[in-house]
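Only one structure is covered here, and it is reproduced in the block below.
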Amino acid sequence: MHFFSTKNKLTVAILWALVFFMGSLLYIDIKNESTSSIHVIMISILIAVILWILFDTRYVIRDGFLFYRSGPFRGRIDIQKIQKIEYFSGLHVPVTMKPALDTKGFIVTYDNLNEVYVSPQKKEKFIAALLELNPGIEVVK
């Protein structure tokens with residue numbers, strides 16, 4: 001099952017603003033011939049990574065694992081090791097790994113201390129799919 005991330009308008013607007021700002025700087029530098037190749041490569045890579053994140057943030061449940069990806073940031077979680085899924089809403093998410101584009105989602109706790117924040121579009125279907133594979137998951141709303 002594939003689940004795309006929900007997208008908060010503010011988050012998406014900030015990321016697109018960064019892309020346009022960096023693209024404008026790159027255009028001006030190239031037009032004025034006042035930039036080095038390294039500068040062009042670095043800004044192009046940053047723009048590509050931001051676009052990759054915008055267009056490829058998703059979650060896949062397959063073969064007993066929850067796979068998450070947000071651009072180049074990827075990982076997998078053994079669904080049998082998930083202890084808790086807690087609904088979270090807010091700007092400051094208290095976890096390190098956040099492959100999500102929204103401020104409303106779930107903190108998934110697995111392997112006792114590891115946590116990841118996800119924001120699937122079809123939240124109920126996402127929870128149901130995980131509970132089908134591991135009915136022992138505690139769901140906190």
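The values are calculated or read from the model by the stated rules, or taken from the named source; none is laboratory data. Everything quoted here is computed from the prediction, not taken from an experiment. Because the Cβ atoms are built from the backbone with ideal geometry, glycine has one as well, and the counts that use them run over all protein chains shown. Just so you know, the surface numbers come from the protein's heavy atoms only, side chains and all, with ligands and any DNA or RNA stripped out. Shrake-Rupley method; radii C 1.70, N 1.55, O 1.52, S 1.80 Å.
Worth pointing out:
- Dipole magnitude for the stretch 60-141: about 260 debye, using +1 per Lys or Arg Cβ and -1 per Asp or Glu Cβ, origin at the Cα centre.
- Debye-sum result for the stretch 1-99 in log10 I(q)/I(0), which assumes one identical scatterer on each alpha carbon, at q = 0.14, 0.15 Å⁻¹: -0.69, -0.75
- The stretch 92-141-the stretch 6-27 distance, computed between alpha-carbon centres (Å): 26
- DSSP-defined beta bridges in the chain - what % are antiparallel, rounded to 5: 85
- A Förster radius of 30 Å, combined with the Cβ-Cβ distance separating Asp63 from Ile14, puts the computed FRET efficiency at roughly 0.30.
- Hydrodynamic radius by Kirkwood, which averages 1/r over all alpha carbon pairs of the stretch 43-141, in angstrom: 13.9
- Where N is the number of residues in the stretch 8-64, Cα Rg divided by 2.2 N^0.38 Å: 1.49
- FRET E, pair Met22, Asp56, Förster distance 22 Å, beta-carbon r, rounded to 0.05: 0.70
- Under the combined filter of DSSP loop state and at most 14 neighbouring Cβ atoms within 10 Å, the stretch 41-130 retains these trypsin sites (Lys or Arg not before Pro): Lys122.
- Cα-based helix-to-principal-axis angle, 37-55 vs the chain, degrees rounded to 10: 30
- Relative contact order computed over the chain (Cα-Cα under 8 Å; 6+ residues apart), in percent: 26
- When the chain is treated as a Gaussian network with alpha carbon springs shorter than 10 Å, the biggest mean-square fluctuation among Leu66, Leu113, Leu25 belongs to Leu113.
- DSSP bridge pairs, the stretch 72-134: antiparallel proportion in percent, nearest 5: 90
- Surface composition of the chain: carbon and sulfur atoms hold 61% of the protein heavy-atom accessible area at a 1.4 Å probe.
- Charged side chains reduced to their Cβ positions (Lys and Arg at +1, Asp and Glu at -1) give the chain a dipole of some 300 debye around its Cα centre.
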